[in-house]
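Data first, discussion second: the structure below is written as structure tokens.
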Amino acid sequence: KWGDKNFHGLFLTLSSINWVIGNLLAELVKIFVPDRVIQVRYEDLCEKPEEVLRQIGAFIDCDMNSVISKVKNNRLMKIGHNIAGNRIRMRKIFKFNPKSRLHLLPKRYRILFRIIAWPLMMRYGYRLSF
């Protein structure tokens, strides 16, 4: 069955490989057009949303004050695209809550991800330890 727990390792392996490939492609773009790339870590956005949103706004020359206000005041925001991303992309609206986090994966899956992705994790400032 597709929902069988035996497939979790396979799906995590594929997701991990996809994460590495996607980030390697982003690194390649950074080499050729570094002035057109901004790196934003989700953890940084959660930790200091106003600062990161201002950096994004400055980078794309866009006033982010309305977004910052909605984040600060825990207000609903419209989702403007649904081409790719995680499962919230299919909703019409959402609230950004930096305190909400997905449950941690079991340790064996976190180890598997680190085995596959450790070079980029280190480059992006992620800890390899648990």
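Computed with a 1.4 Å probe over protein heavy atoms only, the accessible area of Lys72 comes to about 140 Å². Taking amide hydrogens as placed 1.01 Å from N in the peptide plane, the amide H of Met64 sits under 5 Å from that of no residue at least 5 positions away in sequence or on another chain. Asp63 exposes around 110 Å² of accessible area when a 1.4 Å probe is run over every protein chain in place. 3J(HN,Hα) along the range 44-56: 5, 4, 5, 6, 9, x, 4, 4, 5, 5, 5, 4, 4 Hz, from the Karplus curve 6.51 cos²θ - 1.76 cosθ + 1.60 with θ = phi - 60°, whole Hz, x for Gly and Pro. Per-residue HN-Hα couplings for the range 112-128, Karplus 6.51 cos²θ - 1.76 cosθ + 1.60 at θ = phi - 60°, whole Hz, x for Gly and Pro? Computed from phi, the couplings for the range 112-128 are 4, 4, 5, 4, 7, 10, 4, x, 6, 4, 5, 4, 8, x, 8, 7, 8 Hz.
The values are calculated or read from the model by the stated rules, or taken from the named source; none is laboratory data. What you see is a predicted model, and the numbers here were worked out from it, not measured in a lab. Remember, those area values only see protein heavy atoms, side chains included, never the ligands or the DNA or RNA. Shrake-Rupley method; radii C 1.70, N 1.55, O 1.52, S 1.80 Å.
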